[in-house]
Every structure is written in C-alpha cells, then in structure tokens.
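First the structure, in the form of structure tokens, and then the observations on it.
The values are calculated or read from the model by the stated rules, or taken from the named source; none is laboratory data. None of these values were measured; they are calculated from a predicted model. Backbone-built Cβ (ideal geometry, glycine too); neighbour counts: all protein chains shown.
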Amino acid sequence: MDLLQGGGLYPGSMKIMIRGERERGLVCVIVLAVLLTLPWLGRPFQSRGEPREALVAQSMVTNSNWISPPAYNGAVPSKPPFNHWLISLASLPGGEVTEVTSRLPSAFAVILFAGAFYLFLARRTSTDSALLASLIVLSSFEWFRGAVTCRVDTLLSTSMAGALLALFAWRERGRAGFPWLAACLISCAGLTKGPVGIALPLTIFSLFEFVTGDRGIRHVISIAVRAVLIAAPVICVVSLWYVAGYLQRGDVFLEKIYYENFQRLTSSMVDEPHKHAAPYMFLMLALGLLPWTIVWITAAARSLTKKSLRLSTLKKVWSQATDLQRFSFIAAAFIFVFFCIPSSKRSVYIMPAYPFLAILAAESVSVWGPCTGRLMTVLARVILSFSIGSVCLVGVASVAGVTPEASKIASAFLESLSWWSVSIVILCSLIVLRAIPRAFLIGKPPQRLAVALVAGVVITGIGVAEPVFRQLSPKSWASSGDLASALNLSQREKLYSFGSEAYSSSFYLKKPFFSATPGLPSGSVVFVEQRNLNRFKEEVAPHVREIARFSNGLEPSKKDLVVVEVL
C-alpha cells in the first residue's frame, strides 16, 4: 500500500520494478546460455566439418601464418580467417588447439548475442516477449547445435543478426552519426564467410528502408548512398586480408575465393556439394526450430480454423504491425529465400534468420491464447521426465554392465561424472523443478518450456550423450601410443588418405595429411576406409602391408579405418 498514491504507483517505483524484472530476465538468459554451451565444448570431433576448421587454426598456430595457412592437403582454406583467428587466440595460452578452444568462439558468440538480443528486445517490447524470444533462439535445435560446434556459421549468424539489429537501432535514433557497431559486425561477418556477410545485411536493411519509406526517387537515392557509406569502410578493412592472401598464395587464392563465393551462389560448382531442391530448406527450417515447430504449427492451425486466411487480413496485419515486426519479417524472409536460390543448400545457411523468427513467434503467443500455454506446459513436463529418465536408465545399465558394450559405456559414464557435470545436472534439475523462485525465472508457460528445453538438453547431454560420444570418438586410437609407435611418427613428415579426408586423424595426430595419388613412394602410410581398400589397391598401390585397423565406433565394418604402408 505504501507504493500507492491516488490509485497508482509512483513513477519511480514503476521504473525500479521494470528494471529489476529486466535484470532478472537478463541473468536468466545468460545463465541458461552458459549452461547450454560450455558443458559441451570438450566433446570429441565426430563430423568432418569441425576438425576441418580446427586444422586451419592448428596450422595457423604451428606455422605462425595468420593470413592463409595451408589447410588439409596443403590447400587454401575455404573460408576467411576470422573464426580461425579467434580459435588461435584462444589456443595460445595452452599452446595447442583443442576441442574446447576450437569451439569457444561459437559458444562465446552465442552467449554474448543472447544477452544483447534480450536487452535489445526488452527496451522495445515487454520483458516476457524479450525473454521468450531469447530462449526460443537458444533452445532451437539448429542454434544449439551451432553454438557447440567448430564451424563458421554460428559466428556468421550472430555477426549478421547483430549487425541488422544495430542498423535498426541506428534508424530509431534518426540515423544520427555513423553506425560503427553495425559496421564492425558486418566486417566480422565478411571476414567469417566472405562477401555474402557484407552484402546480405546491407541489402536487407535497404529493402526495409524502401518498404517503409515513401519510395520516391530521392528516398531511393538516399538509401543507396547510406548503404555505400556504410559499406566503404567495411570493404576497406576486409580487403586488407584479401590483398594479403593474394600476395601470399597468388592465383590459387583467387581461384578458391571465386569458387567458394561466386560459383556457389550461381550454382556453377563442378562437384555441386549439398545439392538440394528448394523444398529441402522448408524441411530444414522445420527441423531446425524443433521443438518449437510443434508449438507454432499446432497453435497456427487452431488459429486458422477460427479465421480464414485472406489477403485483406494479411494487409491488415501488416498495417498494424510495428516497425520491429516488419523488419523481422523482411529479414527472415529475405535470408530464407536468398539461400533457397543456389543449388548448394544446407540447414546452417539460414541460421541468421532464427532471431527474427523468434521475435515474430514470441509476439504471436498472446494472439494464440491459452491453448498454446497448456501445450507448452505439457511439453515441459515431457522433456523433464525424458531427461531425468534417460540419465537414470543409462546409469543403471552402465553400473549393471549386462553386455560388453554396456560395460564400455559404464567406464565412460562414470568418467564423465566430474564435479562440474554433476553440479550442472543438479542445477538444471532444480531449475526445471522450479526449486529456484518463480520470480527469478518468470515462470509463465512459454518461458517454463524454454527453460525446460535448455535444462533438458544439458541433463541428457551430460548424462547420456557424453558417454556415447566417447565410444564413437576416433581420439581413443588416434592419440594412442600404439598407433604412434606403429607409424613411427618421428620419421614420417607426411601421412596420406584415400577416398575421404582424414580430418580427425590429422587433427589428433598433429600431422599434415595429403591425398594419396598414383606413384606414392615406398613406405608411405595411408589411411583408408575398408570400403575403399580394393579401389585404392587398383588405382594407387597394389602392394600394401596393413599396419593397424580400427573400428569406427558404432558404424558398420565397411567404414572401419585401415592404416596401410605402401611396399
């Protein structure tokens, strides 16, 4: 009652309440972002892409070449070096590139972006919508996978989305001064994945300015001039690396840049990697937004049964939308359509659209009503039950050791239960069980589901996935003394692979690998999968001696790795 006066709150008291709520939301976002990323960074490499990028940073540290270090097979790296620079800087204190240091840039980018994204929205929408949008991004499958992966796509997505939000804030300020923050983030995007990181955010912002303006010739000219003025310093900064790379590598550097940036976008690549039709991207978007896809499809279907979808309705929605909602729609739609055009399509390409889709999704919760809240509550309980049940099941099976496979997992499971992992599992369980005060987590159904998703992923990952990853990992043999002794690494400067690139082997053995071609000298050591062994003998070297053979985790025997020596 002491806050009341004349039927209302003191303005100062209202500011304190809003500020406190905003700060609690920020702490919640940062804590969950940390829990969702840092515990996963030490996982062994399983994909081809992660060790491929880590190898570039490893070569950068080993050769002290910060411009264009030799990648696998001595090739020019396929991506600009910003991500590799960050990996190398993170690795300098320890003296070597590890799984943790190679994934730190992605994890830190997601943590910093989550906090900035929440603050950006909290100043323009309600704290509930800001928190929900932030947690939707964090807990969506594709964004989570990118946050704990050594790939350039996460750094590109956070830089590009951050640049677009900075440009929007600059427009709100009446375009006063120069948008230095946006220019810096666009430069980071350009140094992460090339010209597309520069062109895309500037094009999207210019399109938004055109759509929301008077569309006269003077307005169009002013938009173009602003885009050029922003692009000028960005291009100057990014061009320094391109010039240095050409001076170091010559024409082969230009050929690589042209191949990766222009031939990929024009669908003229010779090998046409990741070739898919346009519907593929719709499927990837639906999978990437899981489990939120289930919520939004269900709620949208319920909404459409009550109200028919007409052009007049869409026009009314557009006219009543805020500038932020319009900007989010244009950004998400343009990014999605842009990456549907080339024949080379991957789910990670559309990651920059996720924050803007989350803004639209969070704003739509109040429209869809209580049905969505009940659905989210049910999902949260299912996730909690599945997470804790999975950990208990694996723990019981591991300790029992019923089969040899279970006994292997038992040792890995018990080894993974460090004080750090146990404390995180307990903390996440308390969060999901709401032992922490609801006022801290703002425990409405949407936020509750998002918190349950993040905590469930961490619980299941540390308790279940980590032991399985250990069994699948090539590190157990790649770093073993027996293999090092068999290869006599001290006397072998080069190792070879045939049929597929041995990125993980090269990374863990800290040795450069080259593609095996006819005419290999006697004594050369080649890594080849069992399925390619006969073809290797026919095309490269008919006479070989098997040095070692390693099972590729739980993969079929045809993918077993065979290490042979050419006779």
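Count, please, the residues in segment 53-92 that happen to be in a loop (DSSP other than H, G, I, E, B) and farther than 20 Å from Ile198 by Cβ. Outline the logic, then answer.
In the first step, residues of segment 53-92 are kept if they are in a loop (DSSP other than H, G, I, E, B); the result is 64-71, 75-81, 92.
Cutting the leftovers down to farther than 20 Å from Ile198 by Cβ gives us 64-66, 69-71, 75-76, 92.
Final tally of qualifying residues: 9.
Can you go through Ala133, Ala176 and tell me which one is surrounded by fewer than 21 Cβ atoms within 10 Å (Cβ to Cβ) and either acidic (Asp, Glu) or more than 23 Å from Pro81 (Cβ to Cβ) (or both)? Spell out the reasoning first.
On the way: Ala133 fails: surrounded by fewer than 21 Cβ atoms within 10 Å (Cβ to Cβ).
Result: Ala176 is the single residue among Ala133, Ala176 that is surrounded by fewer than 21 Cβ atoms within 10 Å (Cβ to Cβ) and either acidic (Asp, Glu) or more than 23 Å from Pro81 (Cβ to Cβ) (or both).
For segment 63-99, which residues satisfy the criterion of being farther than 23 Å from Leu240 by Cα and surrounded by fewer than 17 Cβ atoms within 10 Å (Cβ to Cβ)?
Scanning segment 63-99 gives Asn73, Leu92, Pro93, Gly94, Gly95, Glu96.
State which residue is farthest from Glu96 (Cα to Cα) when the search covers only segment 14-37 and only residues that are within 18 Å of the chain's Cα centre (by Cα) and surrounded by 20 or more Cβ atoms within 10 Å (Cβ to Cβ).
Val29
Just for segment 37-52: of the residues that are at pLDDT below 80 and in a helix (DSSP H, G or I), which one is nearest to Ser506 (Cα to Cα)?
Within segment 37-52, the match that is nearest to Ser506 (Cα to Cα) is Trp40.
I'm trying to understand the selection: among the residues of segment 176-230, which are touching a residue at least 40 places away in the same chain (Cβ under 8 Å), over 20 Å from the mean Cα position of the chain (by Cα) and assigned to a helix (DSSP H, G or I)?
Ala182, Ala183, Thr203, Ile204, Phe205, Leu207, Phe208, Val211, Arg226, Leu229, Ile230
Scan (1) assigned to a helix (DSSP H, G or I); (2) within 16 Å of Ala107 (Cβ to Cβ); (3) modelled with pLDDT under 90 for the single condition Ala130 breaks and write down its number.
Checking Ala130 against (1) assigned to a helix (DSSP H, G or I); (2) within 16 Å of Ala107 (Cβ to Cβ); (3) modelled with pLDDT under 90, the one that fails is (2).
Do we have any residue at all in segment 134-151 that's more than 30 Å from Tyr503 (Cα to Cα), part of a helix (DSSP H, G or I) and β-branched (Val, Ile, Thr)?
Looking through segment 134-151, at least one residue is more than 30 Å from Tyr503 (Cα to Cα), part of a helix (DSSP H, G or I) and β-branched (Val, Ile, Thr).
Quick one: in segment 29-65, of everything that is in the same structural domain as Gly115 (by TED's automatic domain parsing) and among the β-branched types (Val, Ile, Thr), which residue is nearest to Arg249 (Cα to Cα)?
Val56
Could you tell me how many of the residues in segment 36-75 are within 20 Å of Phe514 (Cβ to Cβ) and acidic (Asp, Glu)?
Residues flagged as within 20 Å of Phe514 (Cβ to Cβ) and acidic (Asp, Glu) within segment 36-75 amount to 1.
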